Amino acid sequence: MSDYNWCHGPECHTTETQSRVRGSGDNKVLRTIKIKWGRYNYSGDEQPNIWDYFCNNRCLHDFLKLHATAIANLAPRRETLENPIKVVKNKYENYRYEWNGEGGSERVPYMATRTIIKSVDNS
Ligand SMILES: [Zn+2]
């Protein structure tokens, strides 16, 4: 296996940057970016990283847009997924500030509601 990839962005070779210019004299071209394998692999776990295939966000999203249907069909989602939770409503005292009519404001307490989503043990 080689130690680099060519960027998979479909328009990578049309982006006008100095780093893509190759050739000499009147035979210059814009070339797809060459990506060193594992350039952002800081964990050392040898797992491929998305940035081993794309030089930047634009190239990644150009690829995703062009191949969205094919990518979704790699792992089709034919039914919804659900994750059991408990929703807990929690009342607590909070404050707001109201004008007191004398050029200042006054701290006024009120009861607020906080909604907390708790995961449920599935086992
Ligand atoms: Zn690219």
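Taking Cα pairs under 8 Å and at least six residues apart, what relative contact order does the chain come out at, in percent?
20
By how many nm would the segment from Glu16 to Leu66 lengthen if fully extended, with 0.36 nm per residue of separation less the alpha-carbon distance?
15.9 nm
Using Cβ contacts closer than 10 Å as the measure, can you line up Phe54, Phe63 from fewest to most?
Ranked by crowding around the Cβ, least crowded first: Phe63, Phe54.
Can you spot the lysines whose alpha carbon is less than 23 Å from Lys91's alpha carbon? Ignore those fewer than 8 places along the same chain.
Of all the lysines, those that pass the test against Lys91 - Cα under 23 Å, at least 8 places apart if same chain - are Lys118.
With +1 assigned to the C-beta of every Lys and Arg and -1 to the C-beta of every Asp and Glu, and no other charges, what is the dipole magnitude of the chain about the Cα centre in debye, to the nearest 20?
Magnitude of the dipole: close to 140 debye.
To the nearest µm²/s, what D does Stokes-Einstein give for the chain at 37 °C and 0.692 mPa s, using the Kirkwood radius over alpha carbon pairs as Rh?
Result for D is 158 µm²/s.
Which whole-number percent gives the relative contact order of segment 35-79, counting Cα pairs below 8 Å spaced six or more residues apart?
27
Write out the cysteines belonging to the chain for which the nearest other cysteine Cβ is not under 4.7 Å, or none if no such cysteine exists.
When partners are defined as cysteine Cβ atoms under 4.7 Å apart, the chain leaves Cys59 without one.
Just so you know, all these numbers are worked out from the coordinates, no wet-lab data involved. From a predicted model like this one, the values you see are computed outputs, not experimental measurements. Heads up, the Cβs are rebuilt from the backbone with ideal geometry, glycines too, and the neighbour counts pull from every protein chain shown.
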